[in-house]
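The values are calculated or read from the model by the stated rules, or taken from the named source; none is laboratory data. Bear in mind that the values here come from a model prediction, so they are computed numbers and not experimental data. Note: ideal-geometry Cβ built from the backbone for every residue, glycine included; neighbour counts use all protein chains shown.
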Amino acid sequence: MSEADDSDEGEADGLRKIIHVDMDAFFASVEQRDNPELRGKPVAVGGSSGRGVVAAASYEARKFGVRSAMPSVTAKRKCPDLIFCKSRFDVYREVSQQIRAIFRHHTDLVEPLSLDEAYLDVTEDKLGIGSATRIAELIRQEIKAKTKLTASAGVSYNKFLAKLASDQNKPDGMCVIRPGQGADFVQSLPVRRFHGVGPKAEEKMGRLGIATGADLAAKDIEWLRAHFGSFADYLYRAARGIDLRPVRSSRTRKSVGGERTFSRDLSSGSELRETLEDIIDIVWGYIERAEAKGRTVTLKMKYTDFQIFSRARTLDQPIASKDEFAEVSRVLLEEVLPLPMPIRLMGLTLSKLERDGEEPPKRPDAQLSLL
């Protein structure tokens with residue numbers, strides 16, 4: 001592994017050259033760029049009221065433990081000097097388009113994951129540079145020159161490794177994982193760094209004696225299937241640095257959502273309404289990041305006995321604003337109150353997503369969970 005190198009020695013024939021670019025604290029960095037008084041200070045983008053939620057946090061705020069999706073009151077408690085900025089998604093989208101234009105100067109194979117990150121396949125780059133490492137360096141330089149923002153990049157021979165690499169030397173850093181280095185790199189990492197391994201999976205792995213990629217790689221596929229079911233095949237490949245997915249420039253999401261598990265079960269209407277407002281804030285932030293337009297809102301709840309209940313509403317036209325999304329969500333909740341028993345989890349999902357210029361689908365879409 002290396003932070004940067006002028007050559008792509010070891011990039012064997014037949015292997016892809018993949019770059020993952022991830023903007024550093026994107027929303028908060030835009031606010032600090034546009035307001036010099038915020039530079040060097042802990043900044044959070046989001047609402048500062050009791051029901052507000054942090055959409056993004058600057059690195060100065062992250063030092064205090066402030067994270068995205070954290071309730072604003074919790075963030076303020078962790079960092080009393082935290083400065084809140086209202087989100088400006090029109091500005092973030094405009095900057096994102098500038099960044100994507102830089103990507104497409106080098107390759108048409110660009111797969112945006114959100115406003116602030118994307119995969120690029122530069123196996124055959126437009127400018128004939130040949131070196132993925134050099135292209136990543138140029139992209140980071142161009143982004144800084146044109147937007148006055150910093151980006152981190154990961155370079156490798158597949159998407160899984162490139163994404164891990166982009167996080168390795170943040171902020172404003174770069175990491176290269178070359179052919180033959182992937183398995184060793186992955187096996188040196190804690191399992192929590194693996195995409196898809198959340199707190200619950202990490203806790204389960206800990207009980208099974210798995211703390212690192214090396215621990216995971218030591219288990220055979222049958223053992224993994226016995227303990228992790230359908231998740232096992234992904235874990236088996238990931239622990240060996242294997243990922244065959246291509247970069248898809250036409251990648252289409254089918255749903256965007258989020259959910260919250262409570263520290264105690266909730267049942268009163270006032271508590272449920274207040275919690276719903278928090279979730280609306282969180283999920284709308286995800287929707288804005290994904291630039292998603294959808295027609296169906298689904299409210300999901302898990303009762304104290306672990307039964308899952310959901311209610312959905314589909315509109316004739318894509319939801320155009322947070323206010324409209326919030327209103328539909330509130331109606332769905334009111335329709336099921338009072339609840340027959342307390343709940344331990346609540347979530348919202350926007351589905352039936354459409355791209356610009358598409359006609360509404362004639363049949364219901366299969367949902368892809370992004371919770």
(message) Looking at the stretch 233-252, can you tell me whether even one residue there is over 22 Å from residue 119 (Cβ atoms) and charged (D, E, K, R)?
(response) no
(message) As an exercise: evaluate residue 2 against (1) hydroxyl-bearing (Ser, Thr, Tyr); (2) surrounded by 14 or more Cβ atoms within 10 Å (Cβ to Cβ); (3) at pLDDT below 50 and give the number of the one condition it does not meet.
(response) (2)
(message) Whether any residue in the stretch 149-169 is modelled with pLDDT of 95 or more, of a type in the set (Gly, Ala, Ser), over 29 Å from residue 230 (Cα atoms) and more than 24 Å from the chain's Cα centre (by Cα) is what I want to check.
(response) no
(request) Examine the stretch 83-91 for a residue that is at pLDDT 95 or above, in contact with a Leu (Cβ under 7 Å, 6 or more places away or on another chain) and farther than 24 Å from residue 169 by Cα, and state whether such a residue exists. (result) yes
(request) Scan the stretch 78-95 and report the pairs whose first residue is surrounded by 17 or more Cβ atoms within 10 Å (Cβ to Cβ) and whose second residue is modelled with pLDDT of 90 or more and among the charged types (D, E, K, R), with Cβ atoms within less than 7 Å and a gap of 6+ or a chain change. (result) 82/76; 83/41; 85/31
(message) Tell me whether the stretch 200-215 contains one or more residues that are among the basic types (Lys, Arg) and touching a helix residue (DSSP H, G or I) at 6+ places or on another chain (Cβ under 6 Å).
(response) no
(request) Could you figure out which of (1) at pLDDT 90 or above; (2) in the same structural domain as residue 349 (by TED's automatic domain parsing); (3) surrounded by 17 or more Cβ atoms within 10 Å (Cβ to Cβ) isn't true of residue 243? (result) (2)
(message) All but one of (1) surrounded by fewer than 17 Cβ atoms within 10 Å (Cβ to Cβ); (2) at pLDDT 95 or above; (3) farther than 15 Å from residue 242 by Cα; (4) not hydrophobic (A, V, I, L, M, F, W, C) hold for residue 173; state the number of the condition that does not hold.
(response) (1)
(message) Among the residues that make up the stretch 107-117, is at least one of them buried (at least 18 other Cβ atoms within 10 Å of the Cβ) and either farther than 24 Å from residue 29 by Cβ or outside the structural domain of residue 20 (by TED's automatic domain parsing) (or both)?
(response) yes
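Condition check ((1) closer than 30 Å to residue 72 by Cβ; (2) within 19 Å of the chain's Cα centre (by Cα); (3) not small (Gly, Ala, Ser)) across all residues:
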residue: 245; (1), (2), (3): no, yes, yes
residue: 256; (1), (2), (3): yes, yes, yes
residue: 264; (1), (2), (3): yes, no, yes
residue: 275; (1), (2), (3): yes, no, yes
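Does residue 123 meet the test of being touching a helix residue (DSSP H, G or I) at 6+ places or on another chain (Cβ under 6 Å), more than 23 Å from residue 234 (Cβ to Cβ) and of a type in the set (Ser, Thr, Tyr)? So that I can check it myself, show each step before the final result.
Numbers: touching a helix residue (DSSP H, G or I) at 6+ places or on another chain (Cβ under 6 Å): no; more than 23 Å from residue 234 (Cβ to Cβ): yes; of a type in the set (Ser, Thr, Tyr): yes.
Answer is no for this residue.
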(request) Being touching a strand residue (DSSP E or B) at 6+ places or on another chain (Cβ under 7 Å) and among the hydrophobic types (A, V, I, L, M, F, W, C) is the filter here, so list the residues in the stretch 215-263 that pass it. (result) 247, 256, 262
(request) Name the residue, out of 208, 216, 189, 235, that is touching a Ser or Thr at 6+ places or on another chain (Cβ under 9 Å) and either free of Cβ contacts under 8 Å to residues at least 60 places away in the same chain or aliphatic (A, V, I, L, M) (or both). (result) 189
(message) Residues to consider are 262, 306; find the one that is in the same structural domain as residue 335 (by TED's automatic domain parsing), exposed (fewer than 14 other Cβ atoms within 10 Å of the Cβ) and of a type in the set (Phe, Trp, Tyr).
(response) 306
(request) Would you check which residues across the stretch 47-73 are modelled with pLDDT of 90 or more and part of a helix (DSSP H, G or I) and list them? (result) 59, 60, 61, 62
(message) Just to be sure before I move on: is residue 74 more than 30 Å from residue 217 (Cα to Cα) and without any contact (Cβ under 8 Å) to a residue 40 or more places away in the chain in the structure I sent?
(response) yes
